Amino acid sequence: MSRIGKMPVPVPAGVTATIDGQKVVVKGPKGELSFLASDEVTVKLEDNAVVVAPVDSSKDARSKWGMSRTMVSNILTGVKDGYERKLEINGVGYRAAMQGQNLQLSLGFSHDVVYQPPKGVSIACPKPTEIVITGIDKQVLGQVAAVIRGYRKPEPYKGKGVKYAEERIVRKEGKKK
């Protein structure tokens, strides 16, 4: 049995959740999100909480049970509080700046990398070596952070590149004479 899946997801105050078949629509102070659950699980609204249960005891249904519950929990948290991801830039001459809505990155290439964030995601640069990404959809936010990090991943010898704020770079020893 799924330990995560069997816990009901409480609907916080100020947030409304409606269920239409397999579709869960959540509205809150930050915006509106929806999730379409798989046919292997059932989604119900009971006692101001969303309850997810498997249709049968097949492996496929049980594997989608906990994932569906977590997705509902993520959209409820997103419309209530939102999500934030921080990136750090290390390296001489490496910097980030905002150019209107777009993010302009100087990462040691012959040209600057300009990234246009998708709708619903906002990017800020409080310092030239720090990027703060905020939004309500956790999946989209993680994808945006991964794309920006992918322009210049941190290398293990000097640690230069774009990394997550909580990421720890395992350093390697250089060549010996």
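What FRET efficiency comes out for Tyr157 versus Phe109 if R0 is 22 angstrom and r is the Cβ-Cβ distance? Round to the nearest 0.05.
With R0 = 22 Å, the Cβ-Cβ based efficiency is 0.70.
If r is the Cβ-Cβ distance from Gln139 to Lys175 and R0 is 41 Å, what FRET efficiency results, to the nearest 0.05?
Result of the calculation: an efficiency of 0.50.
What is the chain's relative contact order, in percent, from Cα pairs under 8 angstrom and six or more apart in sequence?
Normalised by residue count, the contact order of the chain is 18 percent.
Let me spell out the model: positive unit charges on the Cβ of Lys and Arg, negative unit charges on the Cβ of Asp and Glu, origin at the Cα centre of the chain. What dipole size does that give, in debye rounded to 20?
For the chain, the charge dipole is close to 1160 debye.
Beyond a 25 Å Cα-Cα separation, which of these cross-linked pairs lie in this structure: Lys127/Lys172; Lys80/Lys163; Lys138/Lys160; Lys59/Lys119; Lys6/Lys119; Lys27/Lys119?
Lys127/Lys172; Lys80/Lys163; Lys138/Lys160; Lys59/Lys119; Lys6/Lys119
For segment 102-177, which semi-axes, largest first and in whole Å, follow from the square roots of 5 times the eigenvalues of its Cα gyration tensor?
26, 15, 10
What are the equivalent ellipsoid semi-axes of the chain, built from the alpha-carbon gyration tensor (square roots of five times its eigenvalues), in whole angstrom, biggest first?
Semi-axes, largest first: 39, 21, 12 Å.
Within segment 34-57, name every residue whose backbone N is under 17 Å away from a label modeled 7 Å from Cα of Asp20 along the Cβ vector.
34-38, 43-45
Charges at C-beta only: +1 for Lys and Arg, -1 for Asp and Glu. How large is the resulting dipole of segment 9-80 about its Cα centre, in Debye rounded to 20?
Here the size comes out at about 260 debye.
About the Cα centre of segment 100-155, what is the dipole size in debye to 20, counting +1 per Lys and Arg Cβ and -1 per Asp and Glu Cβ, all else neutral?
Approximately 100 debye in magnitude.
Cβ neighbours within 10 Å, averaged per peptide: list 167-177, 64-74 in order, most packed at the top.
Ranked from most to least packed, the peptides come out as 64-74, 167-177.
Against the longest alpha carbon principal axis of the chain, how many degrees, from 0 to 90 and to the nearest 10, is the axis of helix 59-80 turned?
Approximately 70 degrees, to the nearest ten.
Tell me, in nm to one decimal, what length is gained between Gln116 and Asp81 on full extension, where the rule is 0.36 nm per residue of separation less the Cα-Cα distance?
Stretched out fully, the Gln116 to Asp81 stretch lengthens by 10.2 nm.
So, how do all the Cα-to-Cα distances of segment 9-80 break down into 10 Å bins, in percent, from 0 on up?
That works out to 23, 54, 20, 3, in percent per bin.
By how many degrees, between 0 and 90 and to the nearest 10, does the Cα long axis of helix 138-150 differ from the longest principal axis of the chain?
It works out to around 20 degrees.
Laboratory data are not the source of any read-out in this text; all were calculated from the coordinates shown. Fair warning: this is a prediction, and the values are worked out from it, not measured in the lab. Note that we place each Cβ from the backbone using ideal geometry, even for glycine, and neighbour counts take in every protein chain shown.
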